[in-house]
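Engineer: The following block contains the structure, expressed as structure tokens.
The values are calculated or read from the model by the stated rules, or taken from the named source; none is laboratory data. This structure is a prediction, so every number in the text was calculated from the model and none was measured. Counting neighbours? That spans all protein chains shown, and the Cβs are built from the backbone with ideal geometry, glycine included.
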Amino acid sequence: MRTTGFRSMVLYLLLAAFLGGLGYLLVNLFLHGGQWAMQPYNGHLNSENSTVTLGDITDRNGNLLATTQEGARIYSPDETVRRSLLHTVGDPYGYISTSVQSTMRGKLSGYNLITGLNDTFFNRMGSDISLTVDQNACAAAYNALGGKNGAVLVYNYKTGEVLAKVSAPTFDPNAVPEDIETNEAYKGAYLDNTLSGSFTPGSIFKVVTAAAAMEKYPDTWSSLSYDCQGSVTLGESTVTCLHGNAHGTQDLAAALGNSCNVYFAQLANDLGAEALQQKAEEMGFNTQLDFSGISVSQSTIDLSGANANELGWAGVGQYTVLSNPYHMMVLMGAIANGGTYVEPKLTQDSGLLEGLSSGDRTLVTSTEAQNLKTLLRTNVESYYGDWLFPAGMNVCAKTGTGEVGEGKGPNCWMVGFCDSTVTPYAFAVVVEEGGSGAGAAGNVAAQVLNALVNGY
């Protein structure tokens, strides 16, 4: 009897292990079957005579972005569109790992859980994907960059639809340059700056420093004042304003509009490294964000051991601070949306699996969001000018100039959103070695928004 009982227990354990393993396999097949099917060791897919045809990729208006003709992948008939959407759609060789053709290749191939890649019932190969992006807005962003490297992102902060997504440097996927591996002009061309890039933010980080002040001084933040004579000595070094401009005595609203380094450097020291870092992390720094299953490069900050001067420069977006464009876009979306951002999406028909995400997330309190919205709106009304943007958009924004050293010109930024029910758009623009934020990045943002509103 004891022997029988022992054998039964062993059998139950083996059965449980089998069922557990089977369940694990089925779950992973459900979640990752398409990826498994598209692995390079699958000779059926990678032979010259493969019967698998990738489906079409279109923009939100049905414009063709990629298709397969006679076994070859062909991209948009418009070269500017091809270049602007290279990192979103993908390249012929699959080198851009964050592109739709790489991350959604299983779906494009027509894979499904029942028939795999061969749907004999319907006698079709490949599935189509409709993206949320607008090709005209992406082309406008590419043209506005004017040959500069950088990143442009716009999304609807109410629906989550990504409307424009452009990274540069880029190239024509219909005519891949023969010298792409050796020509410096194409260095980094396979990297999607919108998702995988990190840049010194400069003054756009002052939005974070301002939010930290709101949290630490909830009743007095608006009246906090510091005197600016163009520079201030903190520790053994100085923090200077752009061109050494002396702004005089200012409150936070005026300092944000004037982008006064002296003000925010002193504010950062009064806040302290711990409070500033904590607030930055609450707002998404040092945090892993995901986009359509892609791990986005983190915005980072490390103030451990920072002296007074280093902390001052951190408060104005220098020192160890790095920002990712996607993160800055969703941060602006959160401010516009009462503190919580809607998860961005790239496909119009996301489906069950692609709909799985980390969900919406709160980055600032509702009170902080309203206060920041007011400040950012004042920036445009009183400092940048509403004339820069299409009428009625009520743009709220902050520019930034990130010094990178190494003999390179500064990166320029503009991040913001439209406080409008008609055009609820949040955006982030960074132009490498672009000069001034308002002049370069602001112009790019304006042209993209104009294309979304007016179609050109």
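Engineer: Find the helices (runs of 4 or more DSSP H) located wholly in the stretch 1-99 whose residues include 1 or more that are aliphatic (A, V, I, L, M), out of contact with any Ser or Thr (no Cβ under 8 Å at 6 or more places or on another chain) and modelled with pLDDT under 95, and list them.
Structural biologist: On the way: elements: 2-37, 43-46, 79-84, 86-89.
Hits in the stretch 1-99: 2-37.
Engineer: Please work out which one of (1) of a type in the set (Phe, Trp, Tyr); (2) touching a residue at least 24 places away in the same chain (Cβ under 8 Å); (3) assigned to a helix (DSSP H, G or I) is the condition residue 456 fails and give its number.
Structural biologist: (3)
Engineer: Under 7 Å by Cβ, and 6 or more places apart or on different chains, what pairs join a residue from the stretch 347-374 that is modelled with pLDDT under 75 with one that is assigned to a helix (DSSP H, G or I)?
Structural biologist: As it stands, the answer is 353/31, since those pairs meet every condition given.
Engineer: Please pick out the residue among 216, 187, 206 that is touching a residue at least 12 places away in the same chain (Cβ under 8 Å), more than 15 Å from the chain's Cα centre (by Cα) and closer than 24 Å to residue 86 by Cα.
Structural biologist: Working: 216 fails: closer than 24 Å to residue 86 by Cα; 206 fails: closer than 24 Å to residue 86 by Cα.
Of the residues listed, the single one that is touching a residue at least 12 places away in the same chain (Cβ under 8 Å), more than 15 Å from the chain's Cα centre (by Cα) and closer than 24 Å to residue 86 by Cα is 187.
Engineer: So, restricting to helices (runs of 4 or more DSSP H) that lie completely within the stretch 252-344, which ones have at least 1 residues that are buried (at least 20 other Cβ atoms within 10 Å of the Cβ) and within 15 Å of the chain's Cα centre (by Cα)?
Structural biologist: Details: elements: 252-258, 261-271, 273-282, 308-315, 325-336.
Counting at least 1 such residues, we get 325-336.
Engineer: Then there is this: Does the stretch 155-205 hold any residues that are farther than 21 Å from residue 67 by Cα and small (Gly, Ala, Ser), and which are they?
Structural biologist: 160, 167, 168, 185, 188, 189, 196, 197, 198, 202, 203
Engineer: Then there's this: Picking from 216, 206, which residue would you name as being over 15 Å from residue 379 (Cβ atoms) and assigned by TED's automatic domain parsing to the domain that holds residue 326?
Structural biologist: On the way: 206 fails: over 15 Å from residue 379 (Cβ atoms).
Of the residues listed, the single one that is over 15 Å from residue 379 (Cβ atoms) and assigned by TED's automatic domain parsing to the domain that holds residue 326 is 216.
Engineer: Is it true that some residue in the stretch 178-192 is of a type outside the set (A, V, I, L, M), buried (at least 24 other Cβ atoms within 10 Å of the Cβ) and modelled with pLDDT of 95 or more? Break it down stepwise before answering.
Structural biologist: Let us first name the residues in the stretch 178-192 that are of a type outside the set (A, V, I, L, M), namely 178-179, 181-184, 186-188, 190, 192.
Next cut, buried (at least 24 other Cβ atoms within 10 Å of the Cβ) only: 192.
If we keep only those that are modelled with pLDDT of 95 or more as well, we get 192.
Yes, the stretch 178-192 has at least one match.
The rows are residues; the columns are (1) under 23 Å from the mean Cα position of the chain (by Cα); (2) within 17 Å of residue 332 (Cβ to Cβ); (3) in contact (Cβ under 8 Å) with a residue 12 or more places away in the chain.
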residue	(1), (2), (3)
387	no, no, no
398	yes, yes, yes
410	yes, no, yes
414	yes, yes, yes
434	yes, no, yes
438	yes, yes, yes
449	yes, yes, yes
452	yes, yes, yes
